[in-house]
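Have a look at the structure below, then the notes.
The values are calculated or read from the model by the stated rules, or taken from the named source; none is laboratory data. Quick caveat: nothing in here was measured; it's all calculated off a predicted structure. Here the Cβ positions follow ideal geometry from the backbone for every residue, glycine too, while neighbour counts run over all protein chains shown.
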Amino acid sequence: MKITVNDYFDLDKIKESGQTFRARKLDDNMYRFISLNHVLYISKVCDNSYDVSCSKDEWTSYWYNFFDLDRCYKDIITEDEFARKCFNCSKGIRILRQEPFEMLISFIISQRKSIPAIRSSIEEICMRFGDKIKTDTGEKVYLFPTPAQLVSDTKHKLGECKLGYRLPYVQDAVNTVYNSTFLEDGFSMNNEQLLEHLMSVKGVGIKVANCIALFAYNRVDLAPVDTWINKIINTKYKGKSPFDKYKDVSGIIQQYFFYYAITHKDEF
DNA sequence: CTCCAGGGTTTGC
DNA sequence: GCAAACCATGGA
């Protein structure tokens, strides 16, 4: 089925933007996204036209929201030269609306790991614990496991997923959300409550909490500060955070900054 | 072999 | 309350 996107939308930048670790580029123009029990194959046809593997109903009810397409990124205004440079480099990135449990586990794992290492660790978890399903194209893919699938780790296979010292953190997180409304409860909280709520999980600090809030709860007014954002604040903004200028879209600006930084590492 | 990674917790002052 | 030490290991 063909769909039209009337806003900045770049599949490759989205895949490389460090907010999802399971998006894949299958060939020169075909991308695959997996979220919850949904699998999407999407390729660009021309200009604003894309070919998607799902039905119109699934596009409008799930993937349209996943890619945050009801928000207009073209309207975002940058406040200075460096931000403009980042915007030009990163435009097309969307703040994905991803599944809270996957974000919780993924960003606990992310601490002090490189993005390739995070990918491979999460892949390992999916292969060992997630459902294996056959997609419409005949490809077999693994879903991200549910809390129930991870909580009964009787064979201690989590220990073989390259988690290192983060293993007890992941286990604690699984135990916290299993058979509870812990993650759903977050949707009705304000930012401050949500961050505190998430940080009650061992291994979740301020940065990881902000990432979960941004990428799972779509709090685009929150800007996670990681090592790259810190470098930008120190080298480009004299140590003063630029994000208060952007208020309701500071999370998006942060993501533009982050993508610019990891694609221009020699500048920092 | 060496270095560092989308940080967090614990410890010491 | 804050800064420093410590953390386990894959990937480059």
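A few points about this structure:
- Condition check for residue A:253 on (1) buried (at least 20 other Cβ atoms within 10 Å of the Cβ); (2) in a loop (DSSP other than H, G, I, E, B): one failure, at (2).
- None of A:155, A:162 is without any contact (Cβ under 8 Å) to a residue 60 or more places away in the chain, charged (D, E, K, R) and crowded, with 17+ Cβ neighbours inside 10 Å except A:162.
- Enumeration of residues in segment A:99-132 that are away from DNA strand B (no atom under 14 Å from the Cβ) and of a type in the set (A, V, I, L, M): A:125, A:127
- Selection status of residue A:138, free of Cβ contacts under 8 Å to residues at least 24 places away in the same chain, small (Gly, Ala, Ser), away from DNA strand B (no atom under 14 Å from the Cβ) and touching a strand residue (DSSP E or B) at 6+ places or on another chain (Cβ under 7 Å): no
For every residue, the table says whether it meets (1) modelled with pLDDT of 95 or more; (2) part of a loop (DSSP other than H, G, I, E, B).
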| site | (1), (2) |
| --- | --- |
| A:103 | yes, no |
| A:108 | yes, no |
| A:117 | yes, no |
| A:121 | yes, no |
| A:136 | no, yes |
| A:144 | yes, yes |
| A:149 | yes, no |
| A:162 | yes, yes |
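- Hits in segment A:238-248 - residues which are in contact (Cβ under 8 Å) with a residue 60 or more places away in the chain and surrounded by fewer than 20 Cβ atoms within 10 Å (Cβ to Cβ): A:245
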